[in-house]
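Below is one structure, written out as structure tokens, with a few remarks after it.
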Amino acid sequence: MLTIGCHLSCSKGYANMAREAASIDGNTFQFFTRNPRGGKAKALDPNDLDAYDVLAAEAGITRILAHAPYTLNPASNKEQTREFALMTLADDLARMEVATPGQLYNMHPGSHVGQGSEVGIQLIADTLNQVLTPDMTTTLLLETMAGKGSEVGGTFEELAAIIERIDLDEHVGVCLDTCHIWDGGYDIVEDLDGVLDEFDRVIGLDRLRAIHLNDSLNPRASHKDRHARIGEGHIGFDALAAVTMHPKLAHLPFYLETPQDDLSGYAQEIAALRACDKGSHQMSH
Ligand code: FE
Ligand code: FE
Ligand code: ZN
């Protein structure tokens, strides 16, 4: 069975996210650990977490993905900005060990702001080497980026270079965003197998732990990062459904980050992708 869900607001707590995920036939979800622009995280509520455990079990949710604030920049040229990223990452990872041990935590690697990707890669690795601990149960994921501006992580090579410099790399994986890699130039419409072969050669498919499933408003290699609803962009429904059903990817959790007015938009996307998945299984039996 497909593990699929969407990005949910964490403002009403964990139990509410499990409820919302279940209401749209999701069996996973993504959430921001705090205000996406940074700021202080809300105190954990033990009652909320107890209620969450019950609701998640009922909904068959075993895998969830936390997302770091997207403004964190460990590759900044400002010491204060790097320090803020370090403190926030360390705090988020500590909270995850308490609230949701054994889960996934995704971050945007950072932007080198003109220092060059080589410097950016080293600064990101330096930060991660300070926040990863031998006994952590969370897996930290680096997200594939669209290569907008001075973003680091717009190529598989840049992510591989970061991971190579991390000491405790057994705690590190990758989250592949379909909109981002399409905008970055990878042709998942005409040659998904080729893209996955390249991912495997450069990073290793064993590092791939989650997929952000998004269509793109822009043509391939546009380096824009503007998400579209599934089937309403340049990637298209068939190519994105093929991603969810690919034998090398089907076991992974998938997260919709598509622009929607409310949860019903996600419910429709999940239903369409689940229908496709079930159809393909019926054909093969
Ligand atoms: Fe992201
Ligand atoms: Fe994403
Ligand atoms: Zn994006």
Next on the checklist: Looking at Gly231, Gly185, can you tell me which residue is more than 24 Å from Asp277 (Cα to Cα) and modelled with pLDDT of 95 or more?
Outcome noted: Gly185
Checklist entry - Counting just the residues of the range 189-245 that are in contact (Cβ under 8 Å) with a residue 60 or more places away in the chain and farther than 18 Å from Ala146 by Cβ, which one comes out least open to solvent (accessible area, probe 1.4 Å)? => result Thr244
Checklist outcome for this item: The number of residues in the range 246-285 that are among the acidic types (Asp, Glu), crowded, with 17+ Cβ neighbours inside 10 Å and not in a helix (DSSP H, G or I) is 1
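Can you tell me how many residues within the range 163-203 are part of a strand (DSSP E or B), within 16 Å of ligand 3 (Cβ to nearest atom) and of a type outside the set (Asp, Glu)?
3
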Checklist entry - If you go through the range 259-280 one residue at a time, do you hit one that is more than 30 Å from His171 (Cα to Cα), away from ligand 3 (no atom under 16 Å from the Cβ) and basic (Lys, Arg)? => result yes
Next on the checklist: Kindly evaluate Ala160 against the criterion of being over 28 Å from Gly102 (Cβ atoms), assigned to a helix (DSSP H, G or I) and among the small types (Gly, Ala, Ser).
Outcome noted: no
Checklist entry - Condition test on Ala99, is it under 17 Å from the mean Cα position of the chain (by Cα) and within 18 Å of Val131 (Cα to Cα)? => result no
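The values are calculated or read from the model by the stated rules, or taken from the named source; none is laboratory data. Since this is a predicted model, take the numbers as computed values, not measurements. Quick reminder, even Gly has a Cβ in these numbers, built from the backbone with ideal geometry, and neighbours come from all protein chains shown. Heavy atoms of the whole protein, side chains included, go into the accessibility calculation; ligands, DNA and RNA do not. Shrake-Rupley method; radii C 1.70, N 1.55, O 1.52, S 1.80 Å.
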